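Right, I'll just put the structure down here and ask away after.
The values are calculated or read from the model by the stated rules, or taken from the named source; none is laboratory data. The shown structure was predicted, so the numbers you read here are calculated from the model rather than taken from an experiment. Methodologically, a virtual Cβ is constructed for each residue, glycine included, from the backbone with ideal geometry; neighbour enumeration extends over all protein chains shown. Side chains are part of the model used for accessible areas, which takes the heavy atoms of the whole protein and leaves out ligands, DNA and RNA. Shrake-Rupley method; radii C 1.70, N 1.55, O 1.52, S 1.80 Å.
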Amino acid sequence: MAHLAHYREAHPMPFVITHWINLVCMILLIITGFSIHFPFWPMFMGIARGVHVFCGAILLINCIVRVIMAFFVKSAPDGGTRYQVADYKTWLPQADNRHQLGAWIKYYLFLKKDHPLGAKLGVPQKISYLLIPILILVMAYTGFALWAPTMDLGFFAAGTDLVGGLMSMRIIHYFMMYIFIVFMFIHIYLANIEGISPTLLMFFWKEHGGLVYDPEKHTIVGEDRMEH
């Protein structure tokens, strides 16, 4: 099937930058996290801990900044259009795809050949992306509860006592890492199931032609071959 065009308005530069920061931080957090949990290279432990704490703080700040920007930076609510609205609206149920959950699930599971058109994010994408800020906050909390300079602060010590001690908190923190690893693979799959054009747009701001969508009429109105 033909796909919607991929325009830069879907991912404005501020969001491209925060996405890059997320990617770099998550990769470094995973690498250093394994190194801390399995200290196979003792000489690397000090560096690993420092990088881990630094990247964790950056990821948390980046997440907060990204959520705030969603209310002030505009982006296209649908694929195939340069029309823009406040970005937070693209994460909420939209008239274009709030009824498409079943169709999207069938498409992702290879039970349906074509996916619905309209809305920048498929319904499963919206749900998974909305969970990420919550997971980052929980991950940051467990991390600060394990970090020596903050572990004795009342807010974090209370959580440690609630789960049964530092070892339990460490186990929670460690296994949450696998949630992020699984999410990264699912995210890559959902974003590129129809081709790598979304990735080229997000990382390199490279536009790609396709069907043009009118978000007011909720229908395809033409095709942009990007020949101009």
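By per-residue mean of other Cβ atoms within 10 Å, what is the highest-first order of 181-187, 23-29?
Per-residue Cβ counts within 10 Å, averaged per peptide and sorted highest first, yield 23-29, 181-187.
Work out from phi, with θ = phi - 60° and the Karplus expression 6.51 cos²θ - 1.76 cosθ + 1.60, the ³J(HN,Hα) of each residue of the range 84-98, listed in order in whole Hz, and give x for Gly and Pro.
Once rounded to whole Hz, the list reads 10, 9, 4, 4, 4, 5, 6, 8, 8, x, 10, 4, 6, 8, 5.
Let me ask something additional. Direction-averaged shadow area of the convex hull around the Cα atoms of the range 97-228, nm²?
Its average projected convex-hull area is 11.8 nm².
Shifting gears a bit: Please give me, ordered by residue number, the chymotrypsin sites (Phe, Trp or Tyr not before Pro) of the range 1-110 that lie in loop per DSSP and have at most 11 other Cβ atoms within 10 Å.
Phe40, Phe71, Phe72, Phe110
Normalised by the empirical 2.2 N^0.38 Å for globular proteins, what value does the Cα Rg of the range 1-129 take?
Computed over Cα atoms of the range 1-129, the ratio equals 1.34.
Can you figure out the FRET efficiency of Lys89 with Lys113, using R₀ = 35 Å and their beta-carbon distance, to the nearest 0.05?
After rounding, the FRET efficiency stands at 0.70.
How large is the translational diffusion coefficient of the range 97-170 in µm² per second when you combine the Kirkwood radius over alpha carbon pairs with Stokes-Einstein at 20 °C and 1.002 mPa s?
142
Right, here's the next one. Just the accessible area per residue of the chain, please: how many Å² with a 1.4 Å probe?
Per-residue value: 56 Å².
Report, in deg cm²/dmol and to the nearest 500, the calculated mean residue ellipticity at 222 nm for the chain, where each DSSP H run with n ≥ 4 adds -39500 (n - 2.57) and the sum is divided by the residue count.
Result for the chain, helices only: -19500 deg cm²/dmol.
Return the sequence-ordered ³J(HN,Hα) values of the range 22-34 in whole Hz as given by the Karplus equation 6.51 cos²θ - 1.76 cosθ + 1.60 applied to θ = phi - 60°, using x for Gly and Pro.
Karplus values, whole Hz, x for Gly and Pro: 4, 4, 4, 5, 5, 5, 5, 5, 5, 4, 5, x, 4.
Which whole-percent values make up P(r) of the chain when all C-alpha to C-alpha distances are grouped in 10 Å steps starting at zero?
Over the chain, the share of Cα pairs per 10 Å bin runs 7, 28, 30, 19, 12, 3, 0 percent.
Nearest 10 degrees is fine. How inclined is helix 166-192 to the longest principal axis of the chain, computing both from alpha carbons?
20
Counting only protein heavy atoms and a 1.4 Å probe, tell me what percentage of the range 79-215's accessible area is made up of carbon and sulfur.
74
Hey, what angle do you get for helix 154-163 against the long axis of the chain, alpha-carbon based, 0 to 90 degrees rounded to 10?
Computed tilt is about 90 degrees.
Using the Kirkwood formula over every pair of different C-alpha atoms, what hydrodynamic radius in Å results for the range 149-210?
14.8
Next up: Lone cysteines in the chain, going by a 4.7 Å Cβ-Cβ cut-off?
Cys63, each lacking another Cys Cβ under 4.7 Å.
Still on this structure: Could you tell me the ratio Rg/Rh of the range 22-65? Both radii from Cα atoms, Rh via Kirkwood.
1.03
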